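Structure first, then comments.
The values are calculated or read from the model by the stated rules, or taken from the named source; none is laboratory data. All values reported here derive from a predicted model rather than from experimental measurement. Here the Cβ is made from the backbone with ideal geometry for all residues, glycine too, and neighbour counts use every protein chain on show. Note: accessible area is taken over every heavy atom of the protein model, side chains too, but ligands, DNA and RNA are not part of it. Shrake-Rupley method; radii C 1.70, N 1.55, O 1.52, S 1.80 Å.
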Amino acid sequence: GSRVILLIHRQESISFLGIPVSRYISIEDSEQVLRAIRLTPPNTPIDLILHTPGGLVLATEQIARALIRHPAKVTVFVPHYAMSGGTMLALAADEIVMDANAVLGPVDPQLGGYAAASILQVLADKPMAEIDDQTLILADLARKAMQQVQNFVRELLKDEVPKRKMDPERIEPLIQSLTSGRVTHDYPITAEEAQGLGLPISTELPPQIYALMDLYPQATLGRPSVQYIPTPYDPRPAMPGGGSRSGLV
């Protein structure tokens, strides 16, 4: 009874040269997701399944705003990870349902491969006369990027949002935890830590989500590094005569 949208990014390989290509939230993704949301009736819930390392801020903010504006309930499901921009999309949901071992991540901005917070730290640690012009320019951009991201996260979490049921007093501490660069950008935020920050987290991930993820395996060119028989483990002893209860030999 809901609109199910899957946003899944795998690291794929170009068959000609075997070059790994990392996928991320792109403008093309935002176009497709926005179209799916537009086609969803106002009274129909949206279930967004996320598996992504993040992506472009512009594309992420477009999707997040569309999710906030959808009148019916929006649920984000995270079977494995939703980092950076993926976490920002999760913040736009009414409920976040994670696997018990899944993780979210900080949403602090990155500039030229460096954390904006780390660039600003240079200004605090060194005299101005010893800092080169390029670093000063980066620091100015970093300050603006931090303010923009914090303002947007605040917009997602503000208590004026009708569907939001978050304690208003926990919003500012949550913004600082996610955007200030206290930890590295790839820091894994577990379901327990996210709950402690005040996010509406559940770990009751439906089995159908795992089945859907099985339809989007990582493409490989060589022998996989992890192998197992993908069936539930049966601890019962083998049947007399050497047979197996599970039918596997």
Conditions (1) surrounded by 13 or more Cβ atoms within 10 Å (Cβ to Cβ); (2) modelled with pLDDT under 95; (3) out of contact with any helix residue (DSSP H, G or I) (no Cβ under 9 Å at 6 or more places or on another chain); number of the one not met by Pro188: (2)
message: Consider the range 94-131. How many of its residues are at pLDDT below 95, open to solvent by 50 Å² or more (accessible area, probe 1.4 Å) and in a loop (DSSP other than H, G, I, E, B)?
response: 4
query: Can you find a residue in the range 37-57 that is touching a Gly at 6+ places or on another chain (Cβ under 9 Å) and part of a helix (DSSP H, G or I)?
result: yes
field: Considering residues of the range 39-74 that are hydroxyl-bearing (Ser, Thr, Tyr) and farther than 24 Å from Val149 by Cβ only, the residue surrounded by the fewest Cβ atoms within 10 Å (Cβ to Cβ)
entry: Thr44
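This table checks each residue for (1) surrounded by 10 or more Cβ atoms within 10 Å (Cβ to Cβ); (2) under 22 Å from Val97 (Cα atoms); (3) modelled with pLDDT of 80 or more; (4) charged (D, E, K, R).
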{"position": "Val149", "(1), (2), (3), (4)": "yes, no, yes, no"}
{"position": "Thr184", "(1), (2), (3), (4)": "yes, no, yes, no"}
{"position": "Gln195", "(1), (2), (3), (4)": "yes, yes, yes, no"}
{"position": "Pro207", "(1), (2), (3), (4)": "no, yes, yes, no"}
{"position": "Leu215", "(1), (2), (3), (4)": "no, yes, yes, no"}
statement: In the set Arg23, Arg35, the lone residue that is more than 30 Å from Gly113 (Cα to Cα) and surrounded by fewer than 21 Cβ atoms within 10 Å (Cβ to Cβ) is Arg35
- prompt: Is one or more of the residues making up the range 177-186 assigned to a loop (DSSP other than H, G, I, E, B), within 20 Å of Leu50 (Cα to Cα) and within 18 Å of the chain's Cα centre (by Cα)?
  reply: yes
field: From the options Ile68, Ile63, residue that is farther than 20 Å from His185 by Cα, part of a helix (DSSP H, G or I) and at pLDDT below 95
entry: Ile68
